[in-house]
Amino acid sequence: SARGVGVRVAYPGVTGYVCDAVTAAAGPAANLTAGAALAAAAGGNRTLLTLAGTNLVLGLFNLIPADGFDGGTVVAAGLKRFLPLETAEKLCRILGWVSAAGILGAGVWLWWATGNVSLIVFGALTALGAPRRSSGRHRGKGLVETAEKK
């Protein structure tokens with residue numbers, strides 16, 4: 001939650017890690033839905049096609065299973081729901097590192113092919129966030145349910 005602001009998201013009958021996963025999946029789902037709708041309505045309009053593509057890429061990119069991405073939160077919530085906490089956190093860290101390595105690898109290829117280094121920078125930033133998943137912020141009832149006013 002933001003400083004001085006408490007956020008509580010509730011879905012009737014949905015608690016803990018399930019609530020975390022549903023909340024985190026909402027953003028990418030909105031992007032993917034908007035992208036599909038814009039693409040269907042574009043009818044050759046380049047501006048609408050650009051907006052559609054941007055929404056689709058943003059939605060897919062945010063599903064990367066690394067810390068800081070909605071995909072990482074969804075995976076962490078699912079793993080922590082069904083596995084012992086230590087095992088789930090270890091798997092989340094591994095997925096974070098694998099995701100970062102994949103982004104870095106794609107970045108090296110992009111740099112070699114085009115001279116663009118932006119994906120390398122993004123991969124490095126993802127790698128910096130990869131080991132943070134063990135912070136314990138998902139312990140107990142789940143991320144969203146335990147958000148409190150500070």
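The values are calculated or read from the model by the stated rules, or taken from the named source; none is laboratory data. For clarity, every value in this text was computed on a predicted model and none was experimentally measured. Don't worry about glycine lacking a Cβ; one is built from the backbone with ideal geometry, like all the others, and counts go over all protein chains shown. Keep in mind that these areas ignore ligands, DNA and RNA; they rest on the heavy atoms of the full protein, side chains included. Shrake-Rupley method; radii C 1.70, N 1.55, O 1.52, S 1.80 Å.
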Kindly report, to the nearest 10 Å², the accessible surface of Leu85 as traced by a 1.4 Å probe over protein heavy atoms only. 50
Accessible area of Val75 in the full protein assembly, 1.4 Å probe (Å², nearest 10): 50
Any idea what the dipole of segment 13-124 comes to, in debye rounded to 20, about its Cα centre with Lys/Arg Cβ at +1 and Asp/Glu Cβ at -1? 140
Can you sort Ser99, Ser118 by 1.4 Å-probe accessible area, starting with the largest? Ser118, Ser99
Computed over the Cα atoms of segment 30-114, the Rg and Dmax in Å are 16.7, 51
How much accessible surface area, in Å² rounded to 10, belongs to the heavy atoms of Thr50 with a 1.4 Å probe? 90
